Amino acid sequence: MNLTSVTCLLLTLIPVYTAQVMSLPFSPAKTVPRQHKNLGKRLEPHRHFRERFQRPMQPLSKSYRRPIRDFRVKATTAKDIKLENYYNNLYYAPITIGTPGQKFNVAFDIENPITWVPSIHSPSRQDRRISKKYNNESSSSFTANGKAFELSYPSGKVSGYFSQDNIAIAGATIHNQTFGEAILEPDMFSVSMNDGIFGLGFSDIAAGEEPTVLDNMVNKGILPAPVFSFYLNTYESHGPDSVLTLGGTNPEYYTGDFTFVQLSMPDRWQFEIDRIQMSRGVGTTCWYGCQAVVDPGSPFIAGPSYFVQVLNERIGAKPLEGNPKFYSVDHSQLDSLPDLELYVNGQKLTMTGKDYIVKFPEEQGGPYYSGLVGKDFKRDETAVWSLGTNFMRTYYTYFDKGNRRMGFAKTFSSLYRY
Ligand SMILES: *[C@@H]1O[C@H](CO)[C@@H](O)[C@H](O)[C@H]1NC(C)=O
Ligand SMILES: *[C@@H]1O[C@H](CO)[C@@H](O)[C@H](O)[C@H]1NC(C)=O
């Protein structure tokens, strides 16, 4: 797809597009579903997500119980991977699988541990598919595994079987890595920018799950520690390229100290926010603390509809007609918007109006969207806020598996704004 047709697609379908973005917590696709009537329903976390969240606390798995040394000490051996930024919505990077290497673009899933790409043996929609498929027959390093996998995304299920092969990322090769060959995928995947997914979630090794790519890179001494960090840039900002750093942090991309927070679940990148408010004392939500995750696959911060409504009212944002979970902001307000303040582990993380507002770059003069969108949760379900790329562009985000914590530091990219 060339840039002009992408632009046309965005221009004509922006309201639908935003709805679709929200519907995919891990954003494997860029296009627009024909129907989005049941938006509220599709915004609910998928079953796997809910089950994991509601699982009682478990002791840390043995392999990571021992604290890892300070990541800064060995940060020089970390590996940087340049990411492509697709309209601030989807960030992806190339990997190769097999010998000789077959190239795939992968987006990042913080929730699930499985890395997968489409399989040549998939019967689905060969004709419409623009992404690539892994061919085991043309790789000399392929080893069969055959165990089934299935992942639930709101847009549908991805299923297939595991295989083993060499995966190369950022100049490093991980031999005999177990990954998923997807046989069935939701329609959306067939036209997305990314071919597959790179899983950065926790793998339950004790329960027989396979080590992730990151786990194996650490186990095989390719990385100094089971940590990774995202620097996400702003589309058309002329700032440095987006970078995922495996095995450490890269101080070129952030400034000041990290605010660290312990994970609130042992096997999930989830943490507590003490409270969320607009500056100047207007509109405070989650007084007694709330749970949150970050999501490199959505441009928005999503929270319980009622709280989001309160915050949006305070900044003068108006619900979209026909899709009241999304709010528009008038261009003239941009410079006078209050700051959004997230208190994490007693520290204040501040986002200016220009940080949290969402604008689709190809559009001239707006509309601008409030970066806060509503999400429905079931009554028996704990509401989990999801901090999307507007947050991650403002805060460099560090994930520390060994110490079960996350860290946030101001990015340099907050200097580059619309
Ligand atoms: C490749 O995968 C197919 C389907 O799983 C299998 O039938 C075939 O034997 C595999 N090829 C090799 C060389 O193992
Ligand atoms: C990968 O697995 C195959 C089959 O189990 C084995 O023969 C080979 O030695 C392994 N390669 C490495 C580098 O571990």
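The values are calculated or read from the model by the stated rules, or taken from the named source; none is laboratory data. Computed from a prediction, not measured in an experiment: that's the story for all the values here. A quick note on method: Cβ atoms are made from the backbone with ideal geometry, for glycine too, and the neighbour counts reach across all protein chains shown.
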- Top-ranked residue of segment 165-177 - restricted to ones that are of a type in the set (S, T, N, Q) and surrounded by fewer than 17 Cβ atoms within 10 Å (Cβ to Cβ), ranked as farthest from ligand 2 (Cβ to nearest atom): Thr173
- Message: Testing Pro118 on (1) more than 16 Å from ligand 2 (Cβ to nearest atom); (2) modelled with pLDDT of 95 or more; (3) not polar (S, T, N, Q), one condition comes back false. Which one is that?
- Response: (2)
- Task: Could you check Ser242 against (1) under 19 Å from the mean Cα position of the chain (by Cα); (2) within 16 Å of ligand 1 (Cβ to nearest atom); (3) among the polar types (S, T, N, Q) and say which number it fails?
- Result: (2)
- Message: From the list Ser140, Ser155, Ser159, exactly one residue is in contact (Cβ under 8 Å) with a residue 40 or more places away in the chain and away from ligand 2 (no atom under 16 Å from the Cβ). Which is it?
- Response: Ser155
- Task: Filter segment 296-339 down to residues that are free of Cβ contacts under 8 Å to residues at least 40 places away in the same chain and part of a strand (DSSP E or B) and give me whichever is farthest from the chain's Cα centre (by Cα).
- Result: Lys318
- Considering residues that are surrounded by fewer than 19 Cβ atoms within 10 Å (Cβ to Cβ) and farther than 20 Å from Thr394 by Cα, the number found within segment 237-263 is 1
- Item | Failed item, numbered, when Ile222 is tested on (1) under 23 Å from Gly407 (Cβ atoms); (2) among the β-branched types (Val, Ile, Thr); (3) surrounded by 23 or more Cβ atoms within 10 Å (Cβ to Cβ) | (3)
- Message: Given the criteria touching a Phe, Trp or Tyr at 6+ places or on another chain (Cβ under 7 Å), farther than 28 Å from Thr411 by Cα, acidic (Asp, Glu) and away from ligand 2 (no atom under 16 Å from the Cβ), does Asp195 qualify?
- Response: yes
- Message: Restricting to segment 154-184, and then to whatever is modelled with pLDDT under 85 and part of a loop (DSSP other than H, G, I, E, B), can you tell me which residue is nearest to ligand 1 (Cβ to nearest atom)?
- Response: Ser155
- Message: Which pairs turn up if I take residues in segment 395-418 that are part of a loop (DSSP other than H, G, I, E, B) and look for partners that are of a type in the set (A, V, I, L, M) and modelled with pLDDT under 95 with beta carbon separation below 7 Å, at least 6 apart in sequence or on another chain?
- Response: Gly402/Ile68; Gly402/Ala225; Asn403/Ile68; Arg404/Leu60
- Message: Going residue by residue through segment 268-284, is there one that turns out to be assigned to a loop (DSSP other than H, G, I, E, B) and either within 20 Å of Asp400 (Cα to Cα) or not assigned by TED's automatic domain parsing to the domain that holds Asp355 (or both)?
- Response: yes
- Tally, over segment 214-255, of residues that are assigned to a strand (DSSP E or B) and among the hydrophobic types (A, V, I, L, M, F, W, C): 6
- Message: Please pick out the residue among Val117, Val106 that is in contact (Cβ under 8 Å) with a residue 40 or more places away in the chain, more than 16 Å from ligand 1 (Cβ to nearest atom) and either of a type in the set (D, E, K, R) or under 22 Å from Asp215 (Cβ atoms) (or both).
- Response: Val106
- segment 66-100, residues that are at pLDDT 80 or above and assigned to a loop (DSSP other than H, G, I, E, B): Ala78, Tyr87, Asn88, Asn89, Gly98, Thr99, Pro100
- Residue count, segment 185-213 (criterion: more than 16 Å from the chain's Cα centre (by Cα) and either part of a loop (DSSP other than H, G, I, E, B) or polar (S, T, N, Q) (or both)): 10
- Within the bounds of segment 348-358, is there any residue that is modelled with pLDDT of 85 or more and either under 18 Å from Pro304 (Cβ atoms) or acidic (Asp, Glu) (or both)? yes
- Within segment 132-150, how many residues are closer than 16 Å to His175 by Cα, near ligand 1 (Cβ under 9 Å from one of its atoms) and in a loop (DSSP other than H, G, I, E, B)? 2
